[in-house]
Amino acid sequence: MSQLLQEIEARIAGAKTAARRQNVGIVREVGDGVVRIEGLDDAMLNEMLDFGNGVMGLALNLEETEVGAILLGDFTSIREGHEVRTTGKVLQVPVGKALLGRVVDALGRPLDGKGPIQTDTFYPVEKIAPGIIKRRSVNQPVQTGIMAIDAMIPIGRGQRELIIGDRSTGKTTLAIDTIINNARLNREAEEAGDTSYRPLYSIYVAIGQKQSNIARIISVLEEHGAMPYTIVVVASASDAATNQYLAPFAGCAMGEWFMDNGMDALIVYDDLSKHAVAYRQVSLVLKRPSGREAYPGDIFYLHSRLLERAARLNEKYGNGSLTALPIIETQLGDVSAYIPTNVISITDGQIYLETDLFHQGVRPAISVGLSVSRVGSAAQIKAMKQVAARIKGELAQFRELAAFAQFGSDLDAVTQAKLERGKRIVEVFKQEQYKPVPVEIQVAVLWAVQNAFMDDVPVERIKEFQARMVDYLTTRKADLLTRIRKEKVLTDDMVTELKQAITEFKQTWR
């Protein structure tokens with residue numbers, strides 16, 4: 001008996017009598033994944049709110065009498081009068097290499113049925129972009145494997161390059177090709193034990209896409225062996241607008257982990273038009289005032305704080321990089337609409353895809369006149385600079401002359417030669433989807449075009465000539481291609497060898 005009394009006394013003595021202050025509110029209104037809460041005096045912006053039963057929310061509107069928040073996860077059980085508590089934490093997502101090869105939702109929860117993600121590192125979804133002092137200029141290429149881009153509109157590690165065009169013009173294909181090409185480079189470097197090559201990991205964020213489309217993209221990535229180097233973040237069309245709004249920020253946090261740890265990552269936002277629509281939906285339900293085209297006033301800030309997080313850090317801060325490829329869908333080629341002009345002004349250049357070119361069979365349908373990379377040749381290897389310097393000018397000139405030549409006037413020999421060369425360049429740049437071209441082959445092909453080796457080949461047989469020539473070089477002159485890839489420059493010896501090889505090939509080709 002005395003033992004029991006002693007135990008009770010010890011328990012009483014150890015009881016904590018200090019009051020714990022908790023911030024509790026009541027749900028006043030709920031609908032469309034958005035709640036309005038009364039009584040949460042101390043809530044902070046972007047703070048996580050606990051609704052119980054594993055349901056969390058994110059405080060977005062802080063007003064005098066109430067708090068407007070968005071709900072995350074399965075929120076069907078939330079009703080008026082429900083209790084809500086503040087947590088003092090910001091929204092975080094899991095990050096790290098454990099996510100590679102996985103398909104996750106906007107909160108980093110697995111969707112692929114491969115079990116839980118083994119990581120104990122978390123990053124906040126919203127984070128301030130690296131400042132000017134931390135950055136360095138972009139000077140390392142992201143090899144897309146698409147000849148037209150690598151030659152004329154080069155993308156560098158740490159750059160933000162917008163892919164813009166109407167629907168069904170091949171915007172997603174450009175991004176997927178880039179992911180596939182870099183996965184191939186990563187794999188080849190691993191197999192060869194090449195420690196000097198910096199692997200590029202990819203994050204594909206699908207916003208508001210049909211689930212059938214997303215499934216097709218994942219199967220393409222698996223088929224080409226790109227999934228082990230890729231994270232897929234999904235907020236499909238059937239998901240709540242709140243998830244579609246959060247998905248790009250979650251994907252960006254996952255990419256920042258690679259950048260902060262001295263690695264390189266590439267993130268594709270597919271697409272930011274749907275992201276803007278989701279944010280507009282959330283804002284209107286939160287009763288924020290609407291502005292132009294019913295978008296809220298801070299829609300520019302939404303995209304700028306997302307895209308500014310892509311950067312190339314200097315040596316002192318780990319030398320990592322995050323490259324962003326945002327995608328924007330235009331209506332009837334209207335680049336001057338609200339969201340396209342916003343994103344164009346935030347990014348370092350754009351790749352514009354033209355519907356007319358696409359229907360003419362020029363694929364990828366890149367408009368040379370409207371596409372630009374503000375990083376320029378700084379993001380190209382020296383060999384590519386040597387062969388691609390004149391190509392963009394020649395193509396632009398060809399487009400002008402072609403428009404002029406339609407009037408059927410007699411053309412002098414020089415103009416005729418420029419038109420013929422232009423037609424061949426257009427043919428060379430045509431490329432099948434999901435078949436990226438290694439950079440050394442691009443250099444060899446472009447060198448052949450520039451040095452008149454294709455001028456006497458009929459235009460309709462250019463692709464056949466190109467395919468046979470590449471086959472000849474890869475089987476008979478593999479060591480030359482390897483040297484171009486390793487040394488990244490065309491020396492006089494290499495040029496002589498290349499000239500000899502292509503001349504030999506032309507003698508066999510009929």
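Please treat every number below as a calculation from the coordinates, not as lab data. Keep in mind that this is a model prediction, so the values were computed, not measured. Counting neighbours? That spans all protein chains shown, and the Cβs are built from the backbone with ideal geometry, glycine included.
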Amide hydrogen neighbours beyond the local backbone of VAL93, cut-off 5 Å, H modeled | TYR123, VAL125
Pull up the cross-link candidates among the lysines for LYS506, meaning alpha carbon to alpha carbon under 24 Å and not fewer than 8 places away within one chain.
-> LYS418, LYS423, LYS430, LYS463, LYS477
Go through the range 103-115 residue by residue and turn each phi into a ³J(HN,Hα) via Karplus (6.51, -1.76, 1.60, θ = phi - 60°); whole Hz please, and just put x for glycine and proline.
-> 10, 10, 8, 5, 9, x, 8, x, 10, 9, x, 9, x
Diffing the range 77-83: the Karplus 3J(HN,Hα) column from phi (6.51, -1.76, 1.60, θ = phi - 60°), in whole Hz with x for Gly and Pro, holds 7, 7, 10, 4, x, 5, 7
Additional length obtainable on full extension of the chain from ARG399 to LEU45, 0.36 nm per residue less Cα span | 122.2 nm
To the nearest 10 degrees, how steep is helix 439-450 against the longest Cα principal axis of the chain, on a 0 to 90 scale?
-> 40
With a 10 Å radius around each residue's Cβ, average the other Cβ atoms per peptide and rank 459-471, 145-157, 426-438, highest first.
-> 145-157, 426-438, 459-471
Find the relative contact order for the chain and round it to a whole percent, using C-alpha pairs within less than 8 Å whose residues are 6+ positions apart.
-> 15
Going residue by residue through the range 347-352, the Karplus relation 6.51 cos²θ - 1.76 cosθ + 1.60 with θ = phi - 60° gives ³J(HN,Hα) values, rounded to whole Hz and with x marking Gly or Pro, of 8, 9, x, 9, 10, 9
Hey, can you grab everything whose amide H is under 5 Å from the amide H of ILE231? Only 5+ residues off in sequence or another chain; H modelled, so Pro and N-termini drop out.
-> GLY101, SER202, ILE203, TYR204
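Assign one of three labels to the range 124-186, namely rounded, prolate or oblate, based on the Cα gyration tensor with a ≥ b ≥ c the square roots of its eigenvalues; rounded applies when a/c is under 1.5, prolate when it is not and a/b is larger than b/c, and oblate otherwise. Could the numbers behind the result be given before it?
Working: a/c = 1.87, a/b = 1.47, b/c = 1.27.
Since a/c reaches 1.5 and a/b is larger than b/c, the shape of the range 124-186 is classed as prolate.
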Could you sort 31-42, 327-338 so that the peptide with the highest average Cβ count within 10 Å comes first and the rest follow in order?
-> 31-42, 327-338
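Once the convex hull of the alpha carbons of the chain is built, what does its volume come to per residue, in cubic angstrom? Spell out each step's value before the answer.
Values: hull volume 101.7 nm³, N = 510.
So the per-residue Cα hull volume is 199 Å³.
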Going by alpha carbons, how many degrees (0 to 90, nearest 10) lie between the helix axis of 478-487 and the longest principal axis of the chain?
-> 60
Only Cα pairs under 8 Å and at least 6 apart count here; give the relative contact order of the range 387-508 as a rounded whole percent.
-> 25
Can you tell which of SER202, LEU62, LEU45 lies farthest toward the positive end of the dipole of the chain, using +1 and -1 charges on the Cβ of basic and acidic side chains (Lys, Arg; Asp, Glu)?
-> SER202
Using the alpha-carbon atoms, what tilt in degrees (0 to 90, nearest 10) does helix 413-429 show relative to the longest principal axis of the chain?
-> 40
If you take the square roots of the eigenvalues of the alpha-carbon gyration tensor of the range 387-508 and sort them as a ≥ b ≥ c, do you get rounded (a/c under 1.5), prolate (a/b over b/c) or oblate?
-> prolate
Hey, which lysines would be in cross-link range of LYS134, C-alpha to C-alpha under 22 Å, not counting anything within fewer than 8 residues on its own chain?
-> LYS316
Separation of the ASN139 and SER212 label points, Cα + 7 Å toward Cβ, nm = 5.0
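Name the GluC sites (Glu not before Pro) in the range 131-236 that are in a loop by DSSP and that have at most 16 other C-beta atoms within 10 Å, would you? It would help to have the intermediate numbers written out before the result.
Numbers: sites: GLU161, GLU188, GLU190, GLU191, GLU222, GLU223; in loops: GLU161.
Sparse-neighbourhood loop GluC sites (Glu not before Pro): none present.
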The set of residues whose placed amide H lies less than 5 Å from the amide H of LEU162, leaving out same-chain residues fewer than 5 positions away, is ASP348, GLY349, GLN350, ILE351
